[in-house]
Amino acid sequence: MAQDNENPDGAVLWRAFYDEARARFEAVGNEFAAIDARRIVEEASGAEPGEFTLMLDEFARERGVAHFDHMLTRRLAGEPLQYVLGRWGFRTLDLAVDARVLIPRPETEGVVDLALAEIRDIGDRDIWVADLGTGSGCIGLSIVAENPRVQMVCTDANDKAIAAARANAAGLGRPARRIEIRQGDWFEALPPERKGDFDLIISNPPYIADDETLPEVVADWEPTDALFAGPTGLEDAWVLIDGAGEWLRPAGTLVLELGETQLEAAAARARDAGFVDVSVHRDLADKDRALVARRP
């Protein structure tokens, strides 16, 4: 560390740690070196949003330095920043994320917008929504947080994902009272007495084909059972499209996030399954991202 950044007692300014992290990330070709360095220093120092510049000229404490060193080592080993930090922002929420669940992504925030638009004009009653394959809970918890009339059922087949979703729901406070989290495979996890009651079913299912190659940062770290669907990548999507109709109310809506090359086939399948007003929506990168289909 630069001596100019030390006080007489040997304490070092956070600025020196930021400079070190940025330099080491740049040395390994990290194109987001400055962002990653900032986020790690913010987390290690406990800085609140907007305090970063002021915090750089504060002296680091021993506990914060140990946390910094641990996070820097993990990130340099290739672990995603979101897992290193242990939390990530999604819409209005700050979610705990780790290798048990997929990292919440910006395109999924847009899919939540589609869901909220579908239920916005429902009359003065409880709105029943199911988030199937909930993972971290980012979709279901966001819908509950942003619409006070939603009653949510979140499901996942993976017990580790269920634990992660429950932890995030607990951090939601009072809105968590409107969330039920159940373990099981797709529709099998839903309460049978609710068949035909749901206003909306939403899912971001696995949609990667078994022979597809993913970037190392995804393939080496994120849970494979939440990524790969089978030989075509559409196996789980077909289960959801074929089965959603009997769980939805008349005029209820199915919303799916899928891969950009899959939406045309998914729309055709939805029409064959009896859905109407079937539409495909693009994300912020102008790629096909979501299917919206209504039950007659």
Debye equation applied to the C-alpha atoms of the chain, log10 I(q)/I(0) at 0.09, 0.11, 0.13 Å⁻¹: -0.50, -0.71, -0.91
Sorted by mean Cβ packing within 10 Å, highest first, what order do the peptides 50-61, 125-136 take? 125-136, 50-61
For the chain, the longest principal axis of the Cα atoms and the Cα long axis of helix 263-272 enclose an angle in degrees, to the nearest 10, of 30
Stick to Cα atoms and the Kirkwood definition of Rh, then tell me Rg/Rh for segment 3-77. 0.95
Rounded to 10°, Cα long-axis angle of helix 159-170 versus longest principal axis of the chain: 80
Please determine, in degrees from 0 to 90 and to the nearest 10, the orientation of helix 106-119 with respect to the longest principal axis defined by the Cα atoms of the chain, where the helix direction is its Cα long axis. 40
Gyration tensor (Cα) of segment 44-198, equivalent ellipsoid semi-axes in angstrom: 35, 18, 12
Among Phe187, Phe275, which comes first, then next, by fewest other beta-carbon atoms within 10 Å? Phe187, Phe275
Can you tell which of Asp283, Asp121, Asp159 shows the greatest fluctuation in a Gaussian network model of the chain with Cα springs below 10 Å? Asp121
With a ≥ b ≥ c the root eigenvalues of the C-alpha gyration tensor of segment 159-268, is it rounded (a/c under 1.5), prolate (a/b larger than b/c) or oblate? oblate
Once you have the Cα-Cα distance between Lys287 and Ala23, take 0.36 nm times their residue separation minus that, and quote the gain in nm to one decimal. 91.6 nm
So for segment 174-225, what percent of the C-alpha to C-alpha distances run longer than 16 Å? 61
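Every read-out reported here was derived from the displayed coordinates using simple, explicitly stated rules and does not represent laboratory data. As the structure is a prediction and not an experimental result, all values here were calculated from the model. Neighbour counts are summed over all protein chains in view; Cβ atoms, including those assigned to glycine, are modelled from backbone coordinates with ideal geometry.
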